[in-house]
Each structure stands twice: as C-alpha cells, then as structure tokens.
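This report concerns only the one structure given below.
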Amino acid sequence: YIAVHLWFKQMRHGEEYRKKISQQSIRRIRIPAARGRIFSSDGKVLADNVPSYSVVLHPAEMRQPGRRKKTIAHILATAKRIAAAVGRKSTIREDMVVDHLNRRPALPMTLFSNLSIRELTAASEMMPPVKGMEIVTEPQRCYLDGEMVAHVLGFVVKEDPKLAEDRDEYFAPYYNSDYTGGGGIE
C-alpha cells in the first residue's frame, strides 16, 4: 500500500511539488552592473571605475533564537564590535535594522563604505568569527580630470526603482538599482 501511495504522489503530483520547492529556495537578486569607461577622442580615460570596499552585514544569517529583539540587539552589538575594530563610529540604529529586516531582508545591509587599506585589513581579520559579515567590492565612479570636464561628463545617480524597466522581474526586497547618468555624457 505504501509503495503504491508513494508512486501515486510522485507521478501524479511530482511536478507540482517540484515547482513549490523551487519557489521556496530560489530568489532572484538583481546585482547592479558597473558603468562603462568614457574615453576622449585621443583615447585618454576620462571616467572609470575603481574598486571600493565595504563591510556589509547579512541580517538573515544573524538571526537569533527567540524574539526578534534578540536578533536586532545582536546585529547592533556586532556593528559596534566591527566599528571598534576598524576605528569608525557605527551609524546603524535600531530603527534602521528594523526597517531593513521588514523591507529588504535578503539584501545585505551596508555598515561601512569606502574602507581605507588599514580599515580593510582590520575588518578582514574579523571575518571568520563574525557570522553574517562580508567585505564586498563595489565599483565607484572616478573622474580622472576631476572638475575640469565635469560639465561635459555629468554625474551618476541611483536609478529610481519604480521607473526601472526590469522591475517586475524581481520581488521588491531583492531589487538593487543601477546607477544611471544624471547629466552630460553619463
């Protein structure tokens, strides 16, 4: 009887169960693309991307058993510990953690951006024992001639997620906007 029942469940409802499983375990997270380089007519680089290092926390990996307050307290304590190690003041507040957990639970929460080499080294030394912490490399826009050609090159701004063409392809908490040109050649 059990063998017949298992066969029936697998053959009759197998595809339905496979779809449910894939919906539970796969989340499409949009990662913004790096902007391209801008060259002058003689081949000189005017705008480029340079690596910028950030410390991020993954709140989903930092959950604590019991009430949600314990998780929030743990995230804040971890942020303070990392801040002390890198020599910066943590700007993360309880309301920011709650908002992040409510609106973007699967995305990392940026703790510090633009780390110096000393700060990067200090943060790297903490990584293995600090669960939920990651150091990420993000492209940062660099204008090699500075303000000299700023009026021609323009600037970049974070794209409004509501206006993005591919917005419907991602569940709202998993959407990271691209940078788009805010003026000039950009």
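The values are calculated or read from the model by the stated rules, or taken from the named source; none is laboratory data. Here the structure is a predicted model, which means the values were calculated and not measured. In this analysis, Cβ positions are derived from the backbone assuming ideal geometry, glycine residues included, and neighbour counts consider all displayed protein chains. When the accessible area is computed, the model is the full protein with side chains, heavy atoms only, and any ligands, DNA or RNA have been set aside. Shrake-Rupley method; radii C 1.70, N 1.55, O 1.52, S 1.80 Å.
List of remarks:
- Under the simplified labelling scheme, the residue 147-residue 21 pair shows an inter-label distance of 6.1 nm, with each label point 7 Å from Cα along Cα→Cβ.
- Gained length - residue 9 relative to residue 162, 0.36 nm times residue gap less alpha-carbon distance: 50.8 nm
- The charge dipole of the stretch 1-92, taken about its Cα centre with unit charges on the Cβ of Lys, Arg, Asp and Glu (plus for the first two, minus for the last two), comes to roughly 540 debye.
- In Hz, Karplus ³J(HN,Hα) per residue of the stretch 7-18 (6.51, -1.76, 1.60; θ = phi - 60°; x = Gly, Pro): 4, 4, 5, 6, 7, 7, 10, x, 5, 4, 5, 4
- Surface calculation, 1.4 Å probe, protein heavy atoms: residue 144 sits at approximately 90 Å² accessible.
- Distant-in-sequence amide H partners of residue 52 (H built 1.01 Å from N, under 5 Å): 138, 140
- Rounded Å value of the spacing that divides the Cα centres of the stretch 31-100 and the stretch 103-125: 4 Å
- FRET efficiency for the residue 81 to residue 102 pair, using the beta carbon distance and R₀ = 22 Å, is estimated at 0.35.
- Solvent-accessible surface of the chain, averaged per residue with a 1.4 angstrom probe and all protein chains in place: 68 square angstrom.
- Residue list for the stretch 83-102, given a label point 7 angstrom along the Cα-to-Cβ vector of residue 68 and an amide N cut-off under 18 Å: 93-102
- Helical mean residue ellipticity (222 nm; -39500 (n - 2.57) per DSSP H run of 4+; nearest 500) of the chain: -11500 deg cm²/dmol
- Accessible area, probe 1.4 Å, largest first, for residues 131, 158: 131, 158
- Computed in the context of the full set of protein chains, the accessible area of the stretch 1-119 at 1.4 Å probe radius has 57% of its extent on carbon or sulfur.
- Of 106, 77, 123, the one that fluctuates the most in a GNM where the chain has Cα springs shorter than 10 Å: 77
- Highest-MSF residue in the chain out of 124, 40, 116 [GNM, Cα springs under 10 Å]: 40
- Residue 100 sits with roughly 10 Å² accessible to a 1.4 Å probe, with DNA, RNA and ligands left out of the calculation.
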